[in-house]
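Inspection log for the structure reproduced underneath, given as structure tokens.
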Amino acid sequence: MQTQLAGQDTLAAVAAVDLVKVYGSGDTAVRALDGVTVGFTRAQFTAIMGPSGSGKSTLMHCLAGLDTATSGQALLGGTDLTRQSDRVLTKVRRERIGFVFQSFNLLPQLTAEQNILLPLELAGRKVDRHLFSHLTESLGITGRLNHRPSELSGGQQQRVAVARALASRPEVVFADEPTGNLDSRSGAEVLLFLRNSVRELGQTVVMVTHDPSAAAYADRVVMLADGRVAGEVEQPSLASVTEALQSLAANR
């Protein structure tokens with residue numbers, strides 16, 4: 001299922017509708033999201049950018065069911081995550097969402113292959129060996145599948161994490177600063193693969209990043225400022241993303 005935002009022609013795989021997130025209360029309350037409405041198109045690579053404190057990570061966490069919104073809707077297909085129990089949210093995250101984190105989040109006692117297949121095992125789902133082979137070969141980790149994370153470089157660990165995120169064919173992959181702990185070459189390889197997963201596998205990818213070079217790999221960039229959508233960049237380049245960020249900074 002997909003969600004169509006009112007007044008928009010674009011079908012969204014995941015969307016926020018008037019999403020508000022407030023931390024704290026009274027004089028110390030912080031309005032991290034201030035009525036955000038935005039959709040993320042199926043089979044598209046979208047980057048979320050903005051200054052520190054703009055709400056980009058909070059938006060991703062609410063859309064992924066990792067944080068609870070104060071009001072509004074966080075929609076994954078036909079499911080409003082803001083109305084689900086913790087038990088249902090755990091199931092949704094395991095079966096319908098893929099995650100790629102800056103810190104890799106691999107289990108140290110498991111091999112690369114075991115890490116990749118763990119979400120499928122937890123969900124009781126059969127492994128698609130054709131997809132598994134495609135992912136590991138495309139990511140260049142076929143020869144490292146029996147190695148544990150401590151025996152892998154940072155770039156290899158992140159490629160394992162990407163394979164884990166994609167192996168279950170999730171409705172959306174959320175990537176939170178996926179190149180933050182990588183050198184430029186390893187980061188470019190991960191970003192290129194995420195972009196190719198959209199083209200070749202029809203994957204939906206939503207990435208939070210502070211790096212204009214990383215955002216330039218996306219099909220679209222959503223800009224946030226002060227908890228609100230502050231603009232978009234279609235078919236971004238390093239120059240156009242940098243210009244958009246400079247414009248945001250000048251208008252604050």
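Each value in this text was obtained by applying a stated rule to the coordinates, not by laboratory testing. In this text, all values refer to a predicted model and were calculated from it rather than measured experimentally. Glycine also receives a Cβ, built like all others from the backbone with ideal geometry; neighbour counts cover every protein chain displayed.
What percent do you get for the relative contact order of the range 1-101 when only Cα pairs under 8 Å and 6+ apart count? Present the calculation step by step, with values, prior to reporting the outcome.
On the way: 164 pairs, mean separation 29.0, N = 101.
For the range 1-101, the relative contact order is 29 percent.
Roughly how many debye, to the nearest 20, is the charge dipole of the chain about its Cα centre, given +1 on each Lys and Arg Cβ, -1 on each Asp and Glu Cβ, and no other charges? Intermediate values should be presented prior to the final figure.
Values: 24 positive and 25 negative charges, 131 e Å.
The dipole magnitude comes to about 620 debye.
When the chain is treated as a GNM, springs tying every alpha-carbon pair under 10 Å, which of Gln114, Gln73, Gln44 comes out with the largest mean-square fluctuation?
Looking only at Gln114, Gln73, Gln44, the largest GNM fluctuation is found for Gln114.
Provide the packing ranking of 179-186, 119-126, 65-72, i.e. peptides ordered by the mean count of other C-beta atoms within 10 Å per residue, highest first. Please list the in-between numbers first.
Numbers: 179-186: 15.8, 119-126: 12.9, 65-72: 17.6.
So the order, starting with the most tightly packed, is 65-72, 179-186, 119-126.
With the contact rule set at Cα under 8 Å and sequence spacing of 6 or more, what percent relative contact order holds for the chain?
Working: 511 pairs, mean separation 63.5, N = 252.
This gives 25 percent for the chain.
Packing-wise, with mean Cβ within 10 Å as the measure, how do 158-166, 130-138 rank, highest first? Please list the in-between numbers first.
Values: 158-166: 26.3, 130-138: 15.6.
Final packing ranking: 158-166, 130-138.
Under the rule of at least 5 residues apart or a separate chain, name every residue whose amide H is placed under 5 Å from the amide H of Arg42.
For Arg42, whose amide H was placed from the backbone, the distant partners under 5 Å are Ala13.
Hey, can you rank 100-112, 46-58 by average C-beta count inside 10 Å, highest first?
Values: 100-112: 16.7, 46-58: 22.1.
Final packing ranking: 46-58, 100-112.
How about Lys56: which lysines have a C-alpha closer than 16 Å to its C-alpha, ignoring those fewer than 8 places off in the same chain?
Straight-distance partners of Lys56: Lys21.
Can you find, among Val205, Leu152, Ala43, the residue sitting farthest towards the positive end of the charge dipole of the chain, where Lys and Arg contribute +1 and Asp and Glu -1 at Cβ?
My answer, from the dipole projection, is Leu152.
Would you calculate, for the chain, the mean residue ellipticity at 222 nm contributed by helices, counting each DSSP H stretch of 4 or more residues as -39,500 (n - 2.57) and dividing by all residues, to the nearest 500? Could you put the intermediate results ahead of the total?
Numbers: 8 runs with 89 residues, N = 252.
Rounded to the nearest 500, it is -10500 deg cm²/dmol.
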